[in-house]
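Here you go, one structure.
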Amino acid sequence: MLRVEKLNVYYDRLHVLKDISFEVKEGEIFSIIGANGAGKTTLLRSIMGLKDVADGKIIFKGKDITRLKAHERASLGISLSFEGGRILRTLTVEENLRLGAYRIDKDRFEERLRFIYKLFPRLEERKKQIAGSLSGGERQMLSISRALMTEPELLMLDEPSFGLAPKIVIEIFQVLKKLNEDTGLTLLLVEQNVKQALKIAHRAMVIEAGYEVTRGTPDEILTNKEVIEAYLG
Amino acid sequence: MFLQQVINGFASGGIYTLVALGLTLVYGVLKILHIAHAGIYALGAYLALIAYRIYPNIYFAFAFAMVGTAIGGYLVQKYLYWPILDKPRIVPLIASIGLFLALEELYRLIWGPYVIPFPQKFHWKSYNLGHIRLPGSDLFVFALSLFFLFILYWIVNRTKVGLAMRAVSDDKEVAEASGIDSKWIIALSFIIGSALAGAAGLMVGVYYNSIYPTMGDVPAYKSLAIIVVGGMGSIEGTVIAGFGLGLLEALLIGYLPFAFPRDALAFIAMIIFLLIKPEGLFSR
Ligand SMILES: Nc1ncnc2c1ncn2[C@@H]1O[C@H](COP(=O)(O)OP(=O)(O)OP(=O)(O)O)[C@@H](O)[C@H]1O
Ligand SMILES: [Mg+2]
């Protein structure tokens with residue numbers, strides 16, 4: 001579904017992603033794990049089209065999208081739930097969702113909205129509330145929901161567990177897993193929370209300072225000496 | 001007397017608001033101070049002159065001025081701001097001031113340094129409310145301002161494109177990732193803001209019966225003060241600060257026992273706000 005080939009990305013002269021390559025297959029959950037500053041957010045932003053890439057290719061459903069703009073990629077079926085539950089703070093919860101559905105028609109919007117409210121009933125209770133006043137957990141739920149409203153085929157998530165209580169983390173990961181199992185949605189998940197990320201992933205990759213360290217199934221990664229030292233030691 | 005001052009204040013407040021809203025819309029989506037907007041406002045008045053030469057009708061003049069300024073605003077964002085957007089924010093600010101001065105010189109070259117009267121004479125009726133006389137020109141300007149404000153309100157709060165405008169001004173990247181073409185939404189903000197300024201320019205031409213190259217000077221700094229007081233980028237704040245300024249000016253002039261420098265009030269208000277409430281009335 002998504003193929004990234006030898007991606008190189010810079011901030012001015014700072015080389016942030018170095019020859020990153022991987023493939024996410026249809027219907028799978030692919031996790032990318034790395035410490036602070038490893039380049040995870042930059043990678044997702046590059047795939048979404050919010051950050052120019054210097055070199056390399058991004059192929060989505062067989063189409064080279066490396067030079068497409070973000071809104072064009074959104075129309076093709078790529079979606080991103082931003083880091084830190086970033087949503088439109090001055091809009092209401094429902095307006096955030098409506099915006100996510102900017103490119104779909106009214107009937108499908110209503111249907112989609114019901115689907116989202118079933119996933120996160122708490123959002124329905126707060127639909128008229130200004131999104132900036134939501135709690136951290138609710139904001140994260142809204143961020144994921146906004147990204148789901150675009151009817152994506154590939155949903156990218158940037159640290160959905162960050163800063164949340166363990167109970168809410170478990171709730172959110174359950175929803176993600178269910179989404180993948182029930183609707184076949186492909187997920188590209190970026191996390192520092194190694195345990196949670198590997199628990200639901202089919203395959204994963206570890207990056208460090210912009211380089212790939214290792215990749216494989218969760219079991220393979222959990223037995224990798226380097227990873228154990230860096231993250232689980 | 002009091003009601004007369006109030007209506008007079010609402011009339012000039014309406015004009016201030018219409019001009020300042022362009023600044024607000026542009027600041028919202030681009031986070032730059034669009035000083036040259038006051039040049040677009042003056043353009044509206046001059047375009048009304050041209051319109052009258054083609055076909056002397058007030059509706060036609062409105063349409064002509066608003067379409068013309070909308071195109072003007074679109075070209076400004078496309079050829080001036082867009083190429084320098086990734087530069088430090090001082091660069092578009094200086095470019096904007098430069099364009100404003102250049103536009104004034106351009107108007108001077110084309111139409112001369114004179115004060116030109118508005119080509120149509122309006123015979124305003126006054127409306128009597130008991131023993132109070134309300135001048136028709138004030139009512140005309142006030143009613144039209146409300147009409148344009150209502151249209152803007154409707155676009156911003158009730159349409160899909162308005163939702164996109166609010167989204168882009170809140171967080172451009174989240175909006176883009178939701179499938180919104182922010183480049184088009186930014187252009188649209190200029191188009192709408194400039195058309196409003198064009199309407200305001202025409203209305204001032206009618207109201208004061210005078211059109212001249214530097215007529216944008218006072219609105220330029222007043223609208224700056226208004227958006228600071230209103231809270232940068234806030235539409236509600238701009239409307240309240242704009243009408244508030246018009247009203248305060250009219251009342252102070254009407255009731256203060258000494259001559260008050262009318263045009264200084266906007267800056268006094270701005271300085272007070274910067275000192276005690278720098279985020280403005282409606283901070284976002
Ligand atoms: N806008 C920017 N300008 C300059 N450098 C940046 C910018 N954004 C990120 N960087 C740098 O790029 C590197 C990778 O950042 P990135 O945000 O992709 O890391 P990350 O893996 O998402 O980290 P975290 O886990 O803390 O979110 C870091 O060294 C960071 O300082
Ligand atoms: Mg990050």
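The values are calculated or read from the model by the stated rules, or taken from the named source; none is laboratory data. What you are looking at is a predicted structure, and each value in this text was computed from that prediction instead of being measured. As a convention, Cβ positions derive from the backbone with ideal geometry for all residues, glycine included, and neighbour counts pool all protein chains shown. Note: accessible area is taken over every heavy atom of the protein model, side chains too, but ligands, DNA and RNA are not part of it. Shrake-Rupley method; radii C 1.70, N 1.55, O 1.52, S 1.80 Å.
Scan segment A:158-174 and report the pairs whose first residue is within 12 Å of ligand 2 (Cβ to nearest atom) and whose second residue is among the basic types (K, R) and open to solvent by less than 50 Å² (accessible area, probe 1.4 Å), with Cβ atoms within less than 9 Å and a gap of 6+ or a chain change.
A:D158/A:K40; A:D158/A:R45; A:E159/A:K40
Looking at segment A:126-233, what helices (runs of 4 or more DSSP H) fall wholly within it and have at least 2 residues that are open to solvent by 60 Å² or more (accessible area, probe 1.4 Å)?
The helices (runs of 4 or more DSSP H) meeting that bar are A:166-183, A:194-200, A:218-222.
How many residues does segment A:84-94 hold that are facing chain B (nearest Cβ under 7 Å) and farther than 13 Å from A:A147 by Cα?
3
Cβ-Cβ distance below 9 Å, separation of 6 or more or different chains: which pairs start in segment B:149-172 with a residue that is facing another protein chain (nearest Cβ under 10 Å) and end on one that is of a type in the set (D, E)?
Final answer for the pair search is B:L163/A:E95; B:A164/B:D181; B:R166/A:E95; B:A167/A:E95; B:V168/B:E176.
Then there is this: State the number of residues belonging to segment B:226-254 that are assigned to a helix (DSSP H, G or I), open to solvent by 50 Å² or more (accessible area, probe 1.4 Å) and modelled with pLDDT of 90 or more.
Final tally of qualifying residues: 3.
Quickly run through segment A:84-94 and pick out the residues that are under 16 Å from B:K172 (Cα atoms), open to solvent by less than 40 Å² (accessible area, probe 1.4 Å) and away from ligand 2 (no atom under 16 Å from the Cβ).
Of everything in segment A:84-94, those that are under 16 Å from B:K172 (Cα atoms), open to solvent by less than 40 Å² (accessible area, probe 1.4 Å) and away from ligand 2 (no atom under 16 Å from the Cβ) turn out to be A:I87, A:L88, A:L91.
Given (1) open to solvent by less than 40 Å² (accessible area, probe 1.4 Å); (2) touching a residue at least 12 places away in the same chain (Cβ under 8 Å), where does B:Y212 come up short, assuming only one miss?
Status for B:Y212: all satisfied but (1).
As an exercise: evaluate B:Y79 against (1) among the aromatic types (F, W, Y); (2) farther than 27 Å from B:F140 by Cβ; (3) open to solvent by less than 40 Å² (accessible area, probe 1.4 Å) and give the number of the one condition it does not meet.
(3)
Now a separate question. Provide a single number: the residues in segment A:99-119 that are open to solvent by 80 Å² or more (accessible area, probe 1.4 Å) and closer than 23 Å to A:K178 by Cα.
Total meeting the criteria: 4.
Residues of segment B:255-266 being open to solvent by 80 Å² or more (accessible area, probe 1.4 Å) and among the aromatic types (F, W, Y), which ones?
Once the filter is applied, which keeps residues that are open to solvent by 80 Å² or more (accessible area, probe 1.4 Å) and among the aromatic types (F, W, Y), segment B:255-266 yields B:Y255, B:F258.
Can you name the residue in segment A:138-164 that is within 14 Å of chain B (Cβ to nearest Cβ) and of a type in the set (G, A, S) and, of all such residues, is nearest to ligand 1 (Cβ to nearest atom)?
Once the filter is applied, the top-ranked residue is A:S143.
Here is a follow-up. Using the structure shown, decide if A:I104 is within 11 Å of chain B (Cβ to nearest Cβ), touching a Leu at 6+ places or on another chain (Cβ under 6 Å), in a loop (DSSP other than H, G, I, E, B) and within 18 Å of A:L148 (Cα to Cα).
It is false that A:I104 is within 11 Å of chain B (Cβ to nearest Cβ), touching a Leu at 6+ places or on another chain (Cβ under 6 Å), in a loop (DSSP other than H, G, I, E, B) and within 18 Å of A:L148 (Cα to Cα).
Based on this model, can you work out whether A:Q129 counts as farther than 21 Å from A:I29 by Cβ, among the polar types (S, T, N, Q) and more than 9 Å from chain B (Cβ to nearest Cβ)?
yes
I would also like to ask the following. State all residues of segment B:157-190 that are of a type in the set (V, I, T) and either surrounded by fewer than 20 Cβ atoms within 10 Å (Cβ to Cβ) or under 15 Å from A:N96 (Cβ atoms) (or both); if no residue qualifies, say none.
Selection gives B:T159, B:V161, B:V168, B:V174, B:I180.
May I pose another question? Give A:L50, A:L80 a once-over and let me know the one that is within 16 Å of ligand 2 (Cβ to nearest atom) and over 21 Å from A:G184 (Cβ atoms).
Result of the check over A:L50, A:L80: A:L50.
Residues checked against (1) more than 15 Å from ligand 1 (Cβ to nearest atom); (2) surrounded by 14 or more Cβ atoms within 10 Å (Cβ to Cβ); (3) in a strand (DSSP E or B); (4) not aliphatic (A, V, I, L, M):
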{"site": "A:R3", "(1), (2), (3), (4)": "yes, yes, yes, yes"}
{"site": "A:K6", "(1), (2), (3), (4)": "yes, no, yes, yes"}
{"site": "A:V9", "(1), (2), (3), (4)": "no, yes, yes, no"}
{"site": "A:K18", "(1), (2), (3), (4)": "no, yes, yes, yes"}
{"site": "A:S31", "(1), (2), (3), (4)": "no, yes, yes, yes"}
{"site": "A:A38", "(1), (2), (3), (4)": "no, yes, no, no"}
{"site": "A:L44", "(1), (2), (3), (4)": "no, yes, no, no"}
{"site": "A:K51", "(1), (2), (3), (4)": "no, yes, no, yes"}
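Okay, next question. Any idea which residue in segment A:17-42 is farthest from A:E226 (Cα to Cα), counting only those that are touching a Gly at 6+ places or on another chain (Cβ under 7 Å) and more than 16 Å from ligand 2 (Cβ to nearest atom)?
A:G27
Could you tell me which residue of segment A:66-83 is most open to solvent (accessible area, probe 1.4 Å), considering only residues that are within 14 Å of another protein chain (Cβ to nearest Cβ) and in a loop (DSSP other than H, G, I, E, B)?
A:K69
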